[in-house]
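Okay, structure first, notes after.
Every read-out reported here was derived from the displayed coordinates using simple, explicitly stated rules and does not represent laboratory data. Everything numeric in this text was worked out from a predicted model, so none of it was measured. All Cβ positions, glycine included, derive from the backbone under ideal geometry; neighbour counts span all protein chains shown.
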Amino acid sequence: MHPKISRIGRICDSEMVFAGARVIMACRDIKKADEVAKDILSQTENVEGAGTVEVVPLNLGSLASVRKCAQEILRTEDKIHLLVNNAGVMMCPQSKTEDGFETHIGVNHLGHFLFTCMLLSRIIRSAPARIVTVSSVAHQWGTMYLEDINLKQSYTPWKAYRQSKLANLLFTKELARRLQDTGVTTYAVHPGLVNTDLQRHMDDAYFVGLSMMTRFVATLLFKSPEEGAQTSIYCSVDENQQNKTGLYY
């Protein structure tokens, strides 16, 4: 799922269409998503056996939007073989989702949590199937502040991001436990340090100019989006992963 359209998400979608999959891009920025979908289709129109792609609206910062999107997918799709939870925000200034949750935990975890749970019975019915959730190496420095999940008492952007990425990983592991013997496997992935616009909020969170500095460093040292997408693609389709579940890559 993409709140905007990350370049990693675009590459994953494109690879799936090339491989023959029917892809549904659930996105907040519909205009941009339509442009991406059109571009993917133009690249694959002469590829034998290529799949299709379409766009549905989804704002992970609104649980009403999450419910509406999931209900629409359940209405139109008889089978769901793969769900990739790829949306994410990072280093946002202190803010809330439409439902009053701190933005990182709301968008990065709770939106995905509800969306996955609403689709879960259909995914189980479609087994073998996979659920891939993009976490981060930042999870290892994270803590779940269950008594103050919105970090009202001690907010920092980095603390909020770490908590949300730890939540992604814990969700993946608990899903794996609950889905034993269903034919549905789950994976949490760290794409690495990737040159995307995920750091775009750093100016607001810290100081003006930090985003530009980060982009400069990213251009020199970070992975390309094509490289960063490989972990998600691997967990989505590699046959060697079909009997593994609940792992972090």
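For the pair residue 243 and residue 42, label points projected 7 Å from Cα toward Cβ lie 4.5 nm apart. So what's the gap between the Cα centers of region 42-65 and region 101-133, to the nearest angstrom? With region 42-65 and region 101-133 each reduced to a Cα centre, they are spaced 17 Å. Computed over region 7-248, relative contact order equals 20 percent, with contacts defined as Cα pairs under 8 Å that lie 6+ residues apart. Residues 137, 237, arranged from fewest to most other Cβ atoms within 10 angstrom of their Cβ, appear as 137, 237.
Modelled label positions at residue 34 and residue 114, each set 7 Å beyond Cα in the direction of Cβ, lie 2.6 nm from each other.
Note on residue 96 and residue 152: their simple-model spin labels are 0.8 nm apart, each label 7 Å out from Cα toward Cβ.
Sorted fewest first by neighbouring Cβ atoms within 10 angstrom, 148, 13 come out as 148, 13. Electrostatic bookkeeping for residue 145 treats Lys and Arg as +1 and Asp and Glu as -1; over the other residues with beta carbon under 13 Å from its beta carbon, the sum is 0.
In this structure, the pairs whose alpha-carbon distance is over 32 Å, taken from 32/68; 79/152; 32/152; 79/159; 38/152, are 79/152; 32/152; 79/159; 38/152. Within 10 Å of each residue's Cβ, count the other Cβ atoms and sort 25, 118 from fewest upward. By the 10 Å Cβ count, ascending, the order reads 118, 25. Across region 79-95, the residues whose backbone nitrogen lies under 15 Å from the label position 7 Å along the beta-carbon direction of residue 159 are 91-95.
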